[in-house]
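I have placed the structure first, in the form of structure tokens, so that the comments after it can refer back to it.
Computed from the coordinates by the stated procedures, all read-outs in this text should not be read as laboratory data. Computed from a predicted model, the values in this text were never measured in an experiment. When we count neighbours, we look across all protein chains shown, and the Cβ atoms used for this are built from the backbone with ideal geometry, even at glycine.
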Protein chains: 2
Amino acid sequence: MPLVGKQTWRFPSTPRILSAASVVGNKEGQGPLGNDFDIVHKDPYVGTDSWEKAERKLTEEACEEAMRKAGLKSQDIDLVIAGDLLNQLITSSFAARTLAMPFLGIFGACSTSMQGLALAALLVDSGFAHKVIAATSSHNSTAERQFRFPTEYGGQKPPTAHCTVTGSGAALIGKNGSALKITHATIGKVIDLGVKNPWEMGAAMAPAAVDTITAHFRDTGRTLDDYDLILTGDLGRVGHSIAKQLLEQQGHQAGDKFHDCGVLIYYPDQEEVFSGGSGCACCAVVTYGHILKRMERGELKRVLVTATGALLSPTSTQQGESIPCIAHTVAIEMEDDMR
Amino acid sequence: MPLVGKQTWRFPSTPRILSAASVVGNKEGQGPLGNDFDIVHKDPYVGTDSWEKAERKLTEEACEEAMRKAGLKSQDIDLVIAGDLLNQLITSSFAARTLAMPFLGIFGACSTSMQGLALAALLVDSGFAHKVIAATSSHNSTAERQFRFPTEYGGQKPPTAHCTVTGSGAALIGKNGSALKITHATIGKVIDLGVKNPWEMGAAMAPAAVDTITAHFRDTGRTLDDYDLILTGDLGRVGHSIAKQLLEQQGHQAGDKFHDCGVLIYYPDQEEVFSGGSGCACCAVVTYGHILKRMERGELKRVLVTATGALLSPTSTQQGESIPCIAHTVAIEMEDDMR
């Protein structure tokens, strides 16, 4: 049975990441991982006349770059699974129109990247698709416009705030032809410990990350020792430290194996990065741009990537609701003999 | 291979609809299908203090009613797949918090119901889950507030407009224990013929419905003769008539086998129903409340349900974009010997 325990999918055929692509904005390009990204755009409009069109172009470029690397064309792809932060997923839907492939839209806020990768692996593993692209995106300026204040207003943010990553990451999944295996995915439950402040998303999401990581261990019988790296999506410095404490309270001494994409993507002294990066692109570009390259170089063999999402909306915040959070995790492994 | 042709999933084990539930508002209860719905709420707030909480309660009730009918509890369910029209899917996310099950959020506008049912069938068919709930919801007042004008403003609408259905539909999918089989699902591509007017959603969505229905025929080798009913989600009177013409142009004489949930759910002379119903709940409550009962009574054996979605947002409309549309279709069949 491919369902292991209560919430983990084990993929018997271990679908492969045939290729992956990362496209980012200028700020991400100037960060510590800048050299690992495939395309860095200095222009926040990416040559278009609106931030929304720019974000869409990032998604289209990431998908096209992933296909180019794998030597495939759009007619070779059976399905694109995509999601983003914009209302009614307009980035993904309009990009899917350009890509002209069967399309499934998904939403898990910043957990969307691993939700998509898990579903793509499931489809390929079970034979319902030969080749699937999983993509996510975010853009700092579309997110600021939609969720926060007009950029011109220059609103101040507390140090616990996050900086929405401008970028898109795409992974192309197939049956074979790569040493990068997807072995498991654990699907999260909604966890809400009552945090109501939308500037405290790291603190809100940390318990969801830990809930899914510990569910993964419980379902698979694996422990921290089975992984070279436990990566979370975008808890940021504040949330990462909380998650580390929560893991330790449950007997998992993560030590220096435990990292967060939101912390890794920017230098702490870059302008206005606050607690770290966030957005649907954060986990995607760090994983697909940086982590997979480290795996291919043999520096990491087994990695557990846990993308975390804060499932709030401006309406739910205005109505005084707390922030429901979720995390989905995917286990990626480098095949020994092809390292 | 369970992938048939380019975009159709054939489910070898034919997962079953173990139970289904429909919860609606007063207007839907007064329509021609009123007696088929499980719960009809006269109060638009459903006993809560906001329309958003009311919509959430509809989803929770639909899922609970589906579990009750199947004699199952929340711990028996491996996963809930849900989506709605509200920004950041707050209805589904908050309902998933209450349900406390692993959760996948999906979005395909009004096509979400069949996207969810297709994914639920896939998960059960491939053994990645034993029991899955697929649910969608919409609420007239949350949709009006988010997409259109304040209700108090009393804005006028053209006769091509739709009336967002207040309701939620949920289906509980499992391996066996019911005569209602899911045999195929065809996943749609984004189709956009350039309609820009958000009051013309039926016209915008009709080509997407026809594209997916004809893809289903092409992939499976089936024809209209194989079905007793071809049902679309919420094209309304205007879109239904366009879709019928488009099908005929492609050689499919649908005749009186071709119907639309948005047309079926209201009497034409009910107040402010315009071209017909729409919203993520429309196709779900008509299919789960009305159509499945007709199948169980032996009136219909094979039904093709095609949910259609208009993937626009207020931002995309304000920026002058046309409306990308999509449709996903699911084939449901009543087992002969259990009819």
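Taking loop as defined by DSSP and a crowding limit of 11 other beta carbons within 10 Å, which trypsin sites (Lys or Arg not before Pro) in the range B:1-55 fit?
Values: sites: B:Lys6, B:Arg10, B:Arg16, B:Lys27, B:Lys42, B:Lys53; in loops: B:Lys6, B:Lys42.
Listed in order of number, the matching sites are B:Lys42.
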Requested in this report: List every residue whose amide H lies under 5 Å from the amide H of A:Leu18, counting only residues 5 or more places away in sequence or on a different chain, with H placed 1.01 Å from N in the peptide plane.
Outcome: A:Leu172, A:Ile173, A:Gly174
Report task. At most 14 other Cβ atoms within 10 Å and a DSSP loop assignment: could you name the trypsin sites (Lys or Arg not before Pro) in the range A:269-336 that fit? Result -> A:Arg297
Query - Cα lying deepest toward the dipole's positive end in chain B, options B:Val303, B:Ser50, B:Asn26, charges on Cβ - result: B:Val303
Report task. Taking each label point as 7 Å beyond Cα in the direction of the beta carbon, state the distances from A:Asn26 to the same residue in the other copies, shortest first, in nm. Result -> 5.6
Query - Per-residue HN-Hα couplings for the range A:312-317 [Karplus 6.51, -1.76, 1.60; θ = phi - 60°; Hz; x = Gly/Pro] - result: 9, 9, x, 5, 5, 5
Requested in this report: Out of all DSSP beta bridges with both ends in the range A:183-338, state the antiparallel percent to the nearest 5.
Outcome: 65 percent
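Show me the three semi-axes of the equivalent ellipsoid for the protein assembly as shown, from the C-alpha gyration tensor (sqrt of 5 times each eigenvalue), largest first, rounded to whole Å.
Working: eigenvalues 276, 143, 117 Å².
Taking √(5λ) for each Cα gyration eigenvalue gives 37, 27, 24 Å.
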Requested in this report: In nm to one decimal, list the spacings between the B:Gly155 label point and its equivalents in the other copies, with label points set 7 Å along Cα to Cβ, shortest first.
Outcome: 2.3
Requested in this report: Report the dimensions of the range B:3-174 along its three principal axes from the alpha-carbon atoms, largest first, rounded to Å.
Outcome: 51, 37, 32
Query raised in the report: Most fluctuating residue of B:Glu52, B:Glu248, B:Glu64 in a GNM of chain B with Cα springs under 10 Å: which is it?
Result: B:Glu248
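Can you put A:Phe103, A:Phe37 in order of Cβ neighbours within 10 angstrom, beginning with the fewest?
Details: A:Phe103 28, A:Phe37 24.
Result, fewest neighbours first: A:Phe37, A:Phe103.
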Query - Amide N proximity, the range B:17-37 versus B:Glu335 label position 7 Å along Cα-to-Cβ, cut-off under 14 Å - result: B:17-19
Query raised in the report: Residue by residue through the range B:88-98, which ³J(HN,Hα) values in whole Hz follow from phi under the Karplus form 6.51 cos²θ - 1.76 cosθ + 1.60 (θ = phi - 60°), with glycine and proline marked x?
Result: 6, 6, 5, 4, 5, 5, 6, 5, 5, 4, 5
Query - Ratio Rg/Rh, restricted to the range A:141-286 and using Cα atoms, in which Rh is the Kirkwood radius - result: 0.99
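Multiplying the sequence separation of A:Gln75 and A:Asp226 by 0.36 nm and subtracting their Cα-Cα distance, what value in nm do you get?
Values: separation 151, 0.36 × 151 = 54.36 nm, distance 3.81 nm.
That pair, A:Gln75 and A:Asp226, stretches by 50.5 nm at full extension.
Within the protein assembly as shown, what percent of beta bridges assigned by DSSP are antiparallel, to the nearest 5? Mind dumping the intermediate values first?
Values: 77 of 121 bridges.
If I count the DSSP bridges inside the protein assembly as shown, around 65 percent turn out antiparallel.
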Report summary line: Taking the label point 7 Å from Cα along the Cα-Cβ vector, the copy-to-copy distances for A:Ser50, listed from shortest in nm with one decimal, are 2.7
Report task. Rank B:Met201, B:Met114, B:Met295 by mean-square fluctuation in a GNM of chain B with C-alpha springs under 10 angstrom and give only the top-ranked residue. Result -> B:Met295
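Can you give the Kirkwood hydrodynamic radius of chain A from its Cα pairs, in Å with one decimal?
Numbers: mean 1/r = 0.0517 Å⁻¹.
Roughly 19.4 Å, rounded to one decimal.
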Query raised in the report: What residue in chain B has the Cβ closest to the axis turning B into A, and how close is it in whole Å?
Result: B:Ser126, 2
Query raised in the report: Which of A:Ala118, A:Ala129, A:Ala204 moves most in a GNM of chain A, Cα contacts under 10 Å?
Result: A:Ala129
